[in-house]
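**Student:** Okay, handing you the structure first.
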Amino acid sequence: MTVQTPTADTIEWLYLRHHDGLRDWIHRKLNNASHAADLAHDTFVRLLMRTQGASPPAGELREPLAYLRAIANGLMIDHWRRQTLEKAYLEALAARPEAVAPSVEERAIILETLEQIARLLEALKPSVRTAFLLAQIEGQTHAEIAQCMGVSVRTVERWMADALYRCHRILRGDTARSAS
């Protein structure tokens, strides 16, 4: 098979050749035709966005369908994560009195924030994530975290600096490289 570098022309060719099969594959995974159609479309949008920025897609396409499925799989994971967060949020919201329930707009903002936090935490190395959560949720000091995790205070400081740097990048909207 010839090696292809995605361009607008090859993306059109990929779309014409693989869209229906990709949509059907996603439909089998999600068991929802509407979500499958949306995610198949979003896969090609994501591919097109990767070809326009300063950094084109990684590598050349030897297996175009596998590449498209990898993009779609990431989008499905995001979809499932959003559904899980939304379900947990709505369950917590249902337990609150109606008088203190947030508006629809506030709910959307809260869900988007929860998604950003989930992406941030998933992008952190497990040790960095643990240290960050111990500091932010448990309120532990760097010395307490170091003792708990069996590392030096300096290591905890480096981990916290890394986690806070990634938070800052997400807040700036620089999510494309925040997982690096």
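Every number in this text was worked out from the coordinates using simple rules, so none of it is lab data. Since the structure is predicted, the reported quantities are computational estimates derived from the model, not experimental observations. Glycine gets a Cβ as well: all are built from the backbone with ideal geometry, and neighbour counts include every protein chain shown.
**Student:** By the scheme Lys and Arg +1, Asp and Glu -1, what is the net charge of all other residues having a beta-carbon under 13 Å from that of Val128?
**Tutor:** +1
**Student:** A follow-up question, please. With Cβ to Cβ distances under 15 Å as the rule, what net charge do the other residues near Asp24 carry (K, R +1; D, E -1)?
**Tutor:** +3
**Student:** Would you mind ranking Tyr89, Tyr15, Tyr67, Tyr165 so that the residue whose beta carbon has the fewest other beta carbons within 10 Å leads the list?
**Tutor:** Tyr165, Tyr89, Tyr15, Tyr67
**Student:** What does the charge count near Thr155 come to, summing +1 for each Lys or Arg and -1 for each Asp or Glu among other residues with Cβ under 13 Å from its Cβ?
**Tutor:** +1
**Student:** Continuing with this model, one more query. Convex hull over the alpha-carbon atoms of the range 102-180: what's its volume per residue in Å³?
**Tutor:** Hull volume over Cα atoms, normalised by residue count, gives 88 Å³.
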